[in-house]
1. Taking the Cβ of V145 as the center, what net charge do the other residues with Cβ under 9 Å away carry, scoring Lys and Arg +1 and Asp and Glu -1?
2. Mind ranking 188-198, 26-36 by how tightly packed they are, going by the mean number of other C-beta atoms within 10 angstrom, highest first?
3. For the range 172-212, would you read off the P(r) tail past 13 Å as a percentage of all alpha carbon pairs?
4. Under a 1.4 Å probe, what is the accessible area of the range 130-206 per residue, stated in Å²?
5. Give me the Kirkwood hydrodynamic radius of the range 25-119 in Å, from all C-alpha pairs, to one decimal place?
6. What does the extension gain come out to for A30 and L234, with contour length at 0.36 nm per residue minus their alpha carbon separation?
7. Based on the Cα coordinates of the range 109-256, what is the per residue volume of their convex hull in Å³?
8. So, in Å, what gap is there between the alpha-carbon centers of the range 75-119 and the range 184-243?
Amino acid sequence: MMKRKYMYLVIPGFFPVGEDVYTINIDTFAAEGKVVRLDAIVKGIKIREDITTLSLLGYSPSKYYNGAGLFESINLGISLGEIDTAFICDFCYYDENSKKIYYLDNISEEESDELITSLNERFNGNFRGIPIRFYKISNQRMLLVLDEDIDSLIVDDFEDVITKTIEKQDIFKGTWAVFFYDILDIVRDELKDHNVNKIRRDNNKNEINFIWIWGKGKKKLIPMFKDLYKKKALNITTNAFIGSVTKTLGFDVINY
């Protein structure tokens, strides 16, 4: 007897399209399958791709979600200790005149490697007695791991601040706010006159003069998908972050 296989087709940001758009594949899925409505949003929890992915796969976010930084640390093979806290840091451009944050998609591998190396050298593994380390996730993104239980820190997700007016004094809130403002000041000082930015200025590119620190994650034991549902799973995705989420659950992942 052939084993039944299941496929989730998740289309993020899908919206109604006009008649001139070719949708034969989606139309076929709808016509030959069962169409149902599933509300994967948990009341009281922010709508975000990592959270909804957990929910779609049968994991209650209120039980298993413990921050975006957790997924990226597992994806990088970094084992968080009991008190460690991991943050996602996105390289970006902060316009001092407009007070707006801009996403940078033109950061090269060499630029990213140089900047992360310089930041680790600048902090030398320690900030105010707390072990600190930056790890590369992608050319645009790194992971910040602190050997400290960061309990009270409020900061918006990166996607929520892009091209919005942001006063620097309003970025962090909570008892750890001053600590992270000081980290940010050191990072900005290191980036300001870095050779990477000197070259970018000469080539009329926006400087990499800011990082957005967000996605606080803590250690959490999450059962593997195959243990919960007795099925192997594969994720084919164009979204590296969602790949990190599903890899955490034991999926094989193909980043397309």
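1. The answer is -1.
2. 188-198, 26-36
3. Every Cα pair in the range 172-212 considered, those over 13 Å come to 56 percent.
4. Counting only protein heavy atoms, the per-residue value for the range 130-206 is 52 Å².
5. Its Kirkwood hydrodynamic radius stands at 17.5 Å.
6. Extending this stretch completely gives an extra 71.2 nm.
7. Dividing the Cα hull volume of the range 109-256 by its residues yields 147 Å³.
8. Cα centroid to Cα centroid, the span is 6 Å.
The values are calculated or read from the model by the stated rules, or taken from the named source; none is laboratory data. Nothing here was measured: the structure is a model prediction, and the numbers come from that model. Note: ideal-geometry Cβ built from the backbone for every residue, glycine included; neighbour counts use all protein chains shown. Accessible surface is based on the protein model in full, side chains and every heavy atom, while ligands, DNA and RNA are left aside. Shrake-Rupley method; radii C 1.70, N 1.55, O 1.52, S 1.80 Å.
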